[in-house]
Amino acid sequence: MTNWNVPAISSAKNLERSKSRRKRVSAMQWALIGASTIASQFMIDAIRAQAGNRVASVLSSSAERGKAYAGEHDIPEAFTDLDEQLAQDVDAVYISTTNEKHFPQAMAAIEAGKHVLCEKPLAMTVEDAITMVRAAEAAGVQFATNHHLRNAGSHLKIKDLIASGRVGKVQAIRVAHAVYLPPHLQGWRIDNPEAGGGVIPDIVVHDADTVRFHLDEDPAEVMAMERADSLGQGVEDSVMSVWQMPSGVTVQTHEGFTIRHAGTGFEVHGTEGSIFARNVMTQQSIGEIRLVTESGQETVPFSDHNLYTRAVGLYVDACAGKGTPAATGVDGVKSLAVAAAVKKSATSGARVAVDYGGI
């Protein structure tokens, strides 16, 4: 019988037992859980870019769609039954289904002894996300969140500029991540709260992870306002929020599905300088970074590597016992917790403390 009430692994003895059970592999066979756009556009190529890695199967709720998807992307097998797919000889799964399916699918994969790379948000609730992370830890499998932005050359460079003191002590961050959601991606994201639709679970989690990545601290409190008078039907399509960090840094964010021409941006303002990064909140290696200090203004170059190839590479290394994923399961829990607090504040009108569930 499946037991999803998994306790945290707290003792050194249990942790060592978990490590000994972990499958340490680098030439991995992958199962795609979800015949998704992100898999077809980015993840299949990123997996195949790793030496010896192969996409063995894809799962779709539609047999017809699954077969067509497998044929289009040269994937050997297509399944409609998760248990049948997990019974195959695969090492890892990549989950990119709609949000409400992440928890049961990840738990089934963990129980089957598979490593799990899961799209964000990890689950519909922080509690479920914590259960996923603890179950993977207990099973000795590698669990990670596919937060792509921390893998971008632009954000790696921004982090380096902050760490090297080029802006002095950070005082504030501004995030502009309001875009126009293209019609082929709208669907459940704009009209299905049961599937985890809405701009908060879709984009706020990315911004929360990116801010945490740059500041190495977790937002403490948030205040937010949302609206849903354009694309959103039963879910929010725009939100603005202000976050308070434990260090005193304030963060201002704007996420949306309805803004056609604004572009994206990430600004860091410190006592000695400011970073203005334009068009860097994307899935592509694009954008520009400007550093402004008393000495003047300079354009800062950064690597144009593929974000997803880097993320999968670090994940494959972690599965082989070398290093950690770019974004761990705990990172996914914390980005979800910030998004949950933003939603609670937006609907209540109150200032809300972020509840990380003790993780």
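A few points about this structure:
- Charge dipole (Cα centre; +1 on Lys/Arg Cβ, -1 on Asp/Glu Cβ; no other charges) of segment 168-309 amounts to roughly 300 debye.
- In this rough spin-label picture, where each label sits 7 Å from Cα along the Cβ direction, the T324-D81 distance is 4.0 nm.
- Scanning the chain for DSSP H helices at least 24 Å long along the axis (C-alpha atoms) with a Kyte-Doolittle mean no lower than 0.5 picks out 329-348.
- Net charge of neighbours whose Cβ lies under 13 Å from the Cβ of E77, counting Lys and Arg as +1 and Asp and Glu as -1: -2
- Cα gyration tensor, segment 115-266 - rounded (a/c under 1.5), prolate or oblate: oblate
- For segment 39-172, dividing the convex hull volume of the Cα atoms by the residue count gives 154 Å³ per residue.
- Simple spin-label estimate for V300 and Q41 in nanometres, 7 Å along Cα-Cβ: 2.7 nm
- Working from Cα pairs under 8 Å separated by at least six residues, relative contact order for the chain is 20 percent.
- Summed residue charge, Cβ within 9 Å of T253's Cβ, Lys/Arg positive, Asp/Glu negative: -1
- Two-site FRET efficiency, A262 against A49, from Cβ-Cβ distance with R₀ of 35 Å, rounded to 0.05: 0.65
- Selection from G71, A138, S164 lying farthest towards where the dipole of segment 47-203 points positive, charges on Cβ: S164
- Signed unit charges on C-beta, dipole axis of segment 289-337, positive-most listed residue Y308, V333, V292: V333
- Accessible surface of the chain, 1.4 Å probe: 48 percent of it comes from carbon and sulfur atoms.
- The gain in end-to-end length when the R351 to F276 segment is fully stretched comes to 24.2 nm, 0.36 nm per residue minus the alpha carbon separation.
- Span from the segment 298-321 Cα centroid across to the segment 266-290 one, whole angstrom: 18 Å
- Residue among V211, F266, T324 farthest towards the positive dipole end of segment 211-359, charges placed on Cβ: T324
- Full extension of the chain between Y180 and A220 yields a length gain of 11.5 nm, computed as 0.36 nm times the residue separation minus the alpha carbon distance.
- Relative contact order (%) - criterion: Cα under 8 Å, at least six apart; region: segment 212-277: 23 percent
- Helical mean residue ellipticity (222 nm; -39500 (n - 2.57) per DSSP H run of 4+; nearest 500) of the chain: -9500 deg cm²/dmol
- Rounded to the nearest 20, the size of the Cβ-charge dipole of the chain about its Cα centre is 820 debye, with Lys and Arg at +1 and Asp and Glu at -1.
- What the Cβ-Cβ distance of K344 and D74 gives, at R0 = 51 Å and to the nearest 0.05, is a FRET efficiency of 0.70.
- Seen through its C-alpha gyration tensor, with square-root eigenvalues sorted a ≥ b ≥ c, segment 215-325 comes out rounded because a/c lies under 1.5.
- Placing unit charges on the Cβ atoms only, positive for Lys and Arg and negative for Asp and Glu, gives segment 96-232 a dipole magnitude near 620 debye about its Cα centre.
- Summing charges over all other residues whose Cβ lies under 13 Å from the Cβ of S241, with Lys and Arg as +1 and Asp and Glu as -1, gives 0.
- Unsatisfied cross-links (Cα-Cα over 32 Å) in the set K67/K114; K120/K159; K67/K334; K101/K157: K67/K334; K101/K157
The values are calculated or read from the model by the stated rules, or taken from the named source; none is laboratory data. What you are looking at is a predicted structure, and each value in this text was computed from that prediction instead of being measured. Reconstructed Cβ throughout: ideal geometry from the backbone, glycine too, with neighbour counts over all protein chains shown. Remember, those area values only see protein heavy atoms, side chains included, never the ligands or the DNA or RNA. Shrake-Rupley method; radii C 1.70, N 1.55, O 1.52, S 1.80 Å.
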